[in-house]
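The values are calculated or read from the model by the stated rules, or taken from the named source; none is laboratory data. Keep in mind that what you see is a predicted model, and the values were worked out from it rather than measured. Cβ placement follows ideal geometry from the backbone for every residue including glycine, while neighbour counts extend to all protein chains displayed.
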Amino acid sequence: MKQHNIVIIGSGFGGQSAAIKLLKQGREDFVILERRSFMGGTWCQNTYPGAAVDVQSPLYSISSEPYDWSQMYANQAELNEYTESVISKYNLRAKTDTSCNVQKVEWQDDISRWHIHTDNGEVYESQFIINASGPLSTPVIPNFKGRDTFKGKSFHTNDWDHDYDYKGKKVAIIGSGASAAQIIPAIAPDCGELHVFQRTPHWVMPRHDKVFKPWQRALLRNKFMYKMLRWSIYWGLETRIIGFKYSEAGLKRAAQAPAKAHIKRQIKDPVLREKVTPDYTIGCKRIILSSTLYPAYCRDNVFVHSKDDGIDEITETGINTTQGENLDFDLIIYSTGYDATDGVISYPVVGRGGKTIGDFWEDYPRAYLGTTIPDFPNLFIVTGPNTGIGHTSAIFVIEAQMNYIMDSIKRVLTSRAKSIEVTPEAEERYTNHIHDEMKKTVWEKGGCNSWYKSKSGKVIAMFPGFSWTFWLLAKNFKRADHTFK
Ligand SMILES: Cc1cc2nc3c(=O)[nH]c(=O)nc-3n(C[C@H](O)[C@H](O)[C@H](O)COP(=O)(O)OP(=O)(O)OC[C@H]3O[C@@H](n4cnc5c(N)ncnc54)[C@H](O)[C@@H]3O)c2cc1C
């Protein structure tokens, strides 16, 4: 059995942030477990054509790790380079066991430690677990009728097969969300035909990207300037929550009207306009930033199927649509996303008394500050329930969680206690507050069914407020909300 004080599960920005914080506190006795053969998470795994971030890079970066980005919205290759630079700077490779898929974790009450079982038969024992396994890490492919009979090529966007040459081929892409919106313009010119199947259209707003000039990149290398730019982007984005939560009229004026104008400006065909115009309030689903998607939709070799012309069945040779067309394809791309709610932790977690997180989440996923759960001592979930953020950088929230996690760990290690646990009352109070606040948001009221909602119908993937309020909550540790044993 391998002994460590802290086990971090996942090596994306969540795992890296945790590791950096621990190192800065002089805590070296930790290991990162990563199921892939490589480290890095989202931007090392998602290599599909056109992949890029949709939050400005100076903000979408670890706060202590500035970078002289070549453009405002970095593409995957640059995000991969950035990730590599962080991993190398802190020598995190030496702290990571790759190809190590955690399959189960179990709390041992008699010794106040966790046992972590991996698929290669190893068992790790640790006092603390920081689960950073990622909200959008395990891809989901819906069980379309006949899905497994297709004899052509198929893959999920999360697992792009670069050995497959799609040039001149008949391609179907299922899904029209954020990844599809990046892939379609990137591959459409090379496909023979590209058919887009959408469950519902998404609102799209122009993407105001900017390539930085050499002197601007030089300024980014200045820590003070980087910080200033970061904060101006942050506060600019933070105002969006006013529309998402407090003013539907304002949201429609400031975002939905420009999004409608974007359709009019870029699409002349009234039938296509109709197909891409959503029937729910903007923001209810993640807003897509793209200035190239609609021009791609207008190409002669691209066929956008309306939401009423969906997939009836997948066959050996292609797709039968609900409008009765039988279409043959060489390649089916599943841009069908992730389970960011009920399946946010991809392995069983067994807490005190044999209770699992699955049991605790039977009604819906929930956690105090999206991070801790009663009866699961010394377990911290990064990007857990209701920590997602649609209007700003996910890394900001990850780092806010780190304040709470590091504070909790420190309090145990500097006391006689062996474990910390949130009280059931505190968790319940917090969760009730979250869902009361959620009622005011466009994610709940906007008239859509999105991946933000769990099977319960509750919005689980989002935090219902300004991200700085989450930061404040996570920063100010409440002793009375916890028990130490
Ligand atoms: C295509 C895409 C685009 C995105 N764009 C944006 C954006 O523009 N802005 C934004 O704010 N957010 C975006 N996100 C959200 C993104 O998930 C977060 O920004 C952030 O990268 C999450 O970091 P993480 O470390 O929590 O998760 P990840 O980066 O997903 O890392 C999780 C790691 O845990 C590993 N892991 C999972 N399960 C196990 C296991 N059982 N055992 C061992 N290892 C395991 C995974 O292999 C992975 O390496 C995007 C996500 C995707 C998929």
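In the stretch 388-434, how many residues are within 16 Å of the ligand (Cβ to nearest atom) and charged (D, E, K, R)?
The total comes to 1.
Of the residues in the stretch 63-79, how many are within 11 Å of the ligand (Cβ to nearest atom), crowded, with 21+ Cβ neighbours inside 10 Å and in a loop (DSSP other than H, G, I, E, B)?
Final tally of qualifying residues: 1.
Give me a count of the residues in the stretch 368-390 that are aliphatic (A, V, I, L, M) and on the phi > 0 side of the Ramachandran plot.
1
In the stretch 286-303, which residues are surrounded by 15 or more Cβ atoms within 10 Å (Cβ to Cβ) and either in contact with a Lys or Arg (Cβ under 7 Å, 6 or more places away or on another chain) or free of Cβ contacts under 8 Å to residues at least 24 places away in the same chain (or both)?
Those that are surrounded by 15 or more Cβ atoms within 10 Å (Cβ to Cβ) and either in contact with a Lys or Arg (Cβ under 7 Å, 6 or more places away or on another chain) or free of Cβ contacts under 8 Å to residues at least 24 places away in the same chain (or both): 289, 290, 291.
Please enumerate the residues belonging to the stretch 186-227 that are of a type in the set (A, V, I, L, M) and in contact (Cβ under 8 Å) with a residue 12 or more places away in the chain.
186, 187, 188, 194, 196, 204, 205, 211, 218, 220
Got at least one residue in the stretch 371-390 being assigned by TED's automatic domain parsing to the domain that holds residue 472, aromatic (Phe, Trp, Tyr) and buried (at least 22 other Cβ atoms within 10 Å of the Cβ)?
Within the stretch 371-390, one or more residues are assigned by TED's automatic domain parsing to the domain that holds residue 472, aromatic (Phe, Trp, Tyr) and buried (at least 22 other Cβ atoms within 10 Å of the Cβ).
Give me the pairs, please: first residue somewhere in the stretch 152-167 and under 22 Å from residue 137 (Cα atoms), second residue anywhere and within 16 Å of the ligand (Cβ to nearest atom) and hydrophobic (A, V, I, L, M, F, W, C), beta-carbon distance under 7 Å, and either six or more positions apart or on two chains.
What qualifies is 155/333; 156/141; 157/183; 157/333; 161/155.
Which residue pairs have Cβ atoms under 8 Å apart, sit 6 or more places apart or on different chains, and have a first residue in the stretch 264-285 that is under 21 Å from residue 303 (Cβ atoms) and a second that is part of a loop (DSSP other than H, G, I, E, B) and of a type in the set (A, V, I, L, M)?
Matching pairs, first to second residue: 273/267; 276/267.
Kindly establish whether residue 286 is within 28 Å of the chain's Cα centre (by Cα) and more than 30 Å from residue 324 (Cβ to Cβ).
yes
In this structure, is residue 368 at pLDDT 95 or above, buried (at least 22 other Cβ atoms within 10 Å of the Cβ) and within 14 Å of the ligand (Cβ to nearest atom)?
no
What number of residues within the stretch 49-58 satisfy the criterion of being more than 7 Å from the ligand (Cβ to nearest atom) and within 16 Å of the chain's Cα centre (by Cα)?
3
What residue, among those in the stretch 35-48 that are more than 7 Å from the ligand (Cβ to nearest atom) and farther than 20 Å from residue 20 by Cβ, is surrounded by the fewest Cβ atoms within 10 Å (Cβ to Cβ)?
The selected residue is 37.
Has the stretch 263-277 got any residue that is under 30 Å from residue 64 (Cα atoms) and either assigned to a loop (DSSP other than H, G, I, E, B) or of a type in the set (Ser, Thr, Tyr) (or both)?
No, the stretch 263-277 contains no residue that is under 30 Å from residue 64 (Cα atoms) and either assigned to a loop (DSSP other than H, G, I, E, B) or of a type in the set (Ser, Thr, Tyr) (or both).
Counting only residues that are among the charged types (D, E, K, R) and within 19 Å of the chain's Cα centre (by Cα), which one in the stretch 290-347 is nearest to residue 129 (Cα to Cα)?
342
If I ask for residues that are within 12 Å of the ligand (Cβ to nearest atom) and either touching a strand residue (DSSP E or B) at 6+ places or on another chain (Cβ under 6 Å) or not assigned by TED's automatic domain parsing to the domain that holds residue 133 (or both), which ones from the stretch 80-100 would you list?
If the condition is that a residue be within 12 Å of the ligand (Cβ to nearest atom) and either touching a strand residue (DSSP E or B) at 6+ places or on another chain (Cβ under 6 Å) or not assigned by TED's automatic domain parsing to the domain that holds residue 133 (or both), then 96, 97, 100 are the ones that fit.
Name every residue in the stretch 5-20 that is outside any helix (DSSP H, G or I) and either aliphatic (A, V, I, L, M) or crowded, with 21+ Cβ neighbours inside 10 Å (or both), in order of residue number.
Answer for the stretch 5-20, where residues must be outside any helix (DSSP H, G or I) and either aliphatic (A, V, I, L, M) or crowded, with 21+ Cβ neighbours inside 10 Å (or both): 6, 7, 8, 9, 10, 11, 12.
Would you call residue 272 in the same structural domain as residue 179 (by TED's automatic domain parsing) and within 22 Å of residue 53 (Cβ to Cβ)?
Against the criterion (in the same structural domain as residue 179 (by TED's automatic domain parsing) and within 22 Å of residue 53 (Cβ to Cβ)), residue 272 does not qualify.
Quick test for you: out of 330, 359, pick the one residue that is assigned by TED's automatic domain parsing to the domain that holds residue 272 and either away from the ligand (no atom under 13 Å from the Cβ) or basic (Lys, Arg) (or both).
On inspection, the qualifying residue turns out to be 330.
Test residue 319 against the stated conditions and say whether it is at pLDDT 95 or above, touching a Lys or Arg at 6+ places or on another chain (Cβ under 7 Å), crowded, with 17+ Cβ neighbours inside 10 Å and not assigned by TED's automatic domain parsing to the domain that holds residue 450.
no
Might you check whether a residue that is among the polar types (S, T, N, Q) and closer than 30 Å to residue 469 by Cα occurs anywhere in the stretch 294-315?
No, the stretch 294-315 has no match at all.
State the number of residues belonging to the stretch 21-30 that are surrounded by fewer than 21 Cβ atoms within 10 Å (Cβ to Cβ) and either part of a helix (DSSP H, G or I) or within 14 Å of the ligand (Cβ to nearest atom) (or both).
Selection size over the stretch 21-30: 3.
Looking at (1) in a loop (DSSP other than H, G, I, E, B); (2) closer than 28 Å to residue 41 by Cβ; (3) modelled with pLDDT of 95 or more; (4) not acidic (Asp, Glu), which one does residue 417 not meet, given that it meets all the others?
(2)
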